[in-house]
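The values are calculated or read from the model by the stated rules, or taken from the named source; none is laboratory data. These numbers were taken from a predicted model, which means no experiment stands behind them. Here the Cβ is made from the backbone with ideal geometry for all residues, glycine too, and neighbour counts use every protein chain on show. The area values use the complete protein model at the heavy-atom level, side chains included, leaving out ligands, DNA and RNA. Shrake-Rupley method; radii C 1.70, N 1.55, O 1.52, S 1.80 Å.
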Amino acid sequence: MAHERSESATSLATQLARGFTRALQSRAARLGFSPGQFPILLELWEEEGLTQRQLLDRVDVEQATIANTLARMERDGLIERRIHPKDKRAQQIFLTDRARAMRGEALAAAEDAEQAVFAGFRRFEKELLKEYIRWAIANARKL
């Protein structure tokens, strides 16, 4: 049955996401960030100076979620906001030196978490699963 927890793709995806979050939680806490902040850190490590709207589009979460996450990151000394030079209504978001310095350790922590979740998988099984997940995400984005 599609509604049984172990047979529902929705339930399985939720459980997998929670598993990754749990695996990253303690590793991230030691470095000073939370798993929910990690996608934003990833984007800003690639390109600083993004606006909240640009981050919202890239991270694909709700407006209220990103606003709260950015407020916590600012409070925790991970980001700073600056008025956009071309649009005074907008703010650009930049990493602090502290957040820039944690990049290597944070990426290693995420890799460790992924290895823990995929323990026992052969390389091709892991790659195949990730490909199926990307395919399902692409289908979901069309909705």
Within the stretch 36-55, residues being farther than 23 Å from Leu24 by Cβ and open to solvent by less than 50 Å² (accessible area, probe 1.4 Å) number 3
Looking across the stretch 92-109 at residues that are assigned to a helix (DSSP H, G or I), out of contact with any helix residue (DSSP H, G or I) (no Cβ under 6 Å at 6 or more places or on another chain) and aliphatic (A, V, I, L, M), the single one that is surrounded by the most Cβ atoms within 10 Å (Cβ to Cβ) is Ala99
Among residues of the stretch 113-143 being farther than 19 Å from Arg18 by Cα and among the charged types (D, E, K, R), the residue modelled with the lowest pLDDT is Arg141
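Examine the stretch 14-26 for a residue that is of a type in the set (S, T, N, Q), modelled with pLDDT of 95 or more, closer than 23 Å to Met102 by Cα and surrounded by 15 or more Cβ atoms within 10 Å (Cβ to Cβ), and state whether such a residue exists.
no
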The residue from Ile137, Ile83 that alone is over 18 Å from the mean Cα position of the chain (by Cα), among the β-branched types (Val, Ile, Thr) and open to solvent by 40 Å² or more (accessible area, probe 1.4 Å) is Ile83
A careful count of residues in the stretch 118-134 that are assigned to a helix (DSSP H, G or I) and either of a type in the set (Gly, Ala, Ser) or under 18 Å from Ser8 (Cβ atoms) (or both) gives 3
Within the stretch 90-108, residues within 25 Å of Leu56 (Cβ to Cβ), at pLDDT 95 or above and of a type in the set (A, V, I, L, M) come out as Ile93, Leu95, Ala99, Met102, Ala106, Leu107
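Can you confirm whether Glu48 is under 21 Å from Leu107 (Cβ atoms) and either part of a loop (DSSP other than H, G, I, E, B) or of a type in the set (Ser, Thr, Tyr) (or both)?
Taking the combined requirement at face value, the residue satisfies it.
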Would you check if Gln37 is on the phi < 0 side of the Ramachandran plot, part of a helix (DSSP H, G or I) and touching a residue at least 40 places away in the same chain (Cβ under 8 Å)? yes
Ser11 passes all but one of the listed conditions (1) in a helix (DSSP H, G or I); (2) within 15 Å of the chain's Cα centre (by Cα); the exception is number (2)
Exactly one of Arg5, Arg89, Arg58 is in a helix (DSSP H, G or I) and either over 29 Å from Ala140 (Cα atoms) or open to solvent by 50 Å² or more (accessible area, probe 1.4 Å) (or both), and that one is Arg58
Expected output for the stretch 58-76 (first residue free of Cβ contacts under 8 Å to residues at least 12 places away in the same chain and at negative phi, partner open to solvent by less than 80 Å² (accessible area, probe 1.4 Å) and part of a helix (DSSP H, G or I), Cβ below 7 Å, 6+ apart or cross-chain) is Gln63/Leu56
Counting only residues in the stretch 110-132 that are under 25 Å from Val61 (Cα atoms), in contact (Cβ under 8 Å) with a residue 24 or more places away in the chain and aliphatic (A, V, I, L, M), the one most open to solvent (accessible area, probe 1.4 Å) is identified as Val117
